[in-house]
1. For residues that are hydrophobic (A, V, I, L, M, F, W, C) and exposed (fewer than 10 other Cβ atoms within 10 Å of the Cβ), tally how many sit in segment 19-36.
2. Between a first residue in segment 27-56 that is farther than 20 Å from Gly9 by Cβ and a second residue that is at pLDDT 90 or above and in a helix (DSSP H, G or I), which pairs have beta carbons less than 7 Å apart while being 6 or more apart in sequence or on different chains?
3. Can you find even one residue in segment 37-58 that is assigned to a helix (DSSP H, G or I), exposed (fewer than 11 other Cβ atoms within 10 Å of the Cβ), of a type in the set (Phe, Trp, Tyr) and on the phi < 0 side of the Ramachandran plot?
4. In this structure, is Ala13 surrounded by fewer than 10 Cβ atoms within 10 Å (Cβ to Cβ), among the small types (Gly, Ala, Ser) and part of a helix (DSSP H, G or I)?
Amino acid sequence: MIDRLGTAGIVGALLLLAGLVLVAWSSPVVAVGIALVLAGTGLVVKGLATSLMKQFGFA
């Protein structure tokens, strides 16, 4: 999976994680909320991408 992300994707994931850790240090409840929003957004994007790939016959 890491080879699919590329350098920009890995740096982006690390920045996302660092930001979440910074918020968690200040307010753990808010950090859990942000983590849930990010996870939900990721699942929606994955679903849209899978659906689009099926429409074009790639999956």
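1. So the answer is 2.
2. Partner pairs satisfying both residue conditions: Val30/Val23; Ala31/Leu20; Ala31/Val23; Ala31/Ala24.
3. Within segment 37-58 (the criterion being assigned to a helix (DSSP H, G or I), exposed (fewer than 11 other Cβ atoms within 10 Å of the Cβ), of a type in the set (Phe, Trp, Tyr) and on the phi < 0 side of the Ramachandran plot), the answer is no, since none of the residues qualifies.
4. For Ala13, the condition - surrounded by fewer than 10 Cβ atoms within 10 Å (Cβ to Cβ), among the small types (Gly, Ala, Ser) and part of a helix (DSSP H, G or I) - is not met.
The values are calculated or read from the model by the stated rules, or taken from the named source; none is laboratory data. In this text, all values refer to a predicted model and were calculated from it rather than measured experimentally. All Cβ positions, glycine included, derive from the backbone under ideal geometry; neighbour counts span all protein chains shown.
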